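Contents: one structure, followed by commentary.
Bear in mind that the values in this text are calculations on the coordinates, not laboratory data. Predicted, not measured: the structure shown is a model, and the values here were computed from it. Neighbour counts are summed over all protein chains in view; Cβ atoms, including those assigned to glycine, are modelled from backbone coordinates with ideal geometry.
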Amino acid sequence: MARSNPRYAIERGLLTINDKPVTLDTIVKTSDVIGHKIHRHEPPCTDQPIGIVHEDQDLFVIDKPGGIPVHPAGRFRHNTVIHVLKKERNIPKLFPANRLDLPTSGLMLIAKNPERAKQLEREMSAGLIRKEYLCRVDGEFPE
């Protein structure tokens, strides 16, 4: 039986309604909360620490290592910059002002509140804050 089959999930106690296991004849009512437990392995990411370059009451400036995504997406939920910082610093909500792709390392601005996030967005739109990429290469290049 396929794991995507609801019967499979029900028989193994993976489906719940209001935090109680369901049976095949359970009837769902209005405002019931349906839960589905899954076991997931995330792809590995770098073990390099996320460096804090600057921190104040409203802002982090971090040195993001390559090999870790900024926010949850696709198969990544916990192995992300935002999740790691929230857990390590016990901060419930963070607001990345810029994003760097998974393989890209570099400085990032992460606001600690929505007001600072909006201010950073305005400053970026006005050109007061810019992103600049630097590519390091090895080898000889023709003229």
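Values computed for the structure shown
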| read-out | value |
| --- | --- |
| Members of segment 78-115 that are assigned to a loop (DSSP other than H, G, I, E, B) and either surrounded by fewer than 13 Cβ atoms within 10 Å (Cβ to Cβ) or among the aliphatic types (A, V, I, L, M) (or both) | 78, 90, 91, 92, 93, 94, 97, 100, 101, 102, 103 |
| Segment 19-44 - residue that is under 16 Å from the mean Cα position of the chain (by Cα) and surrounded by 10 or more Cβ atoms within 10 Å (Cβ to Cβ) and, of those, nearest to residue 102 (Cα to Cα) | 43 |
| Test: residue 47 is closer than 30 Å to residue 97 by Cβ, surrounded by 11 or more Cβ atoms within 10 Å (Cβ to Cβ) and not aromatic (Phe, Trp, Tyr) | no |
| Selected residue (only one of 130, 116 is free of Cβ contacts under 8 Å to residues at least 12 places away in the same chain and of a type outside the set (Asp, Glu)) | 130 |
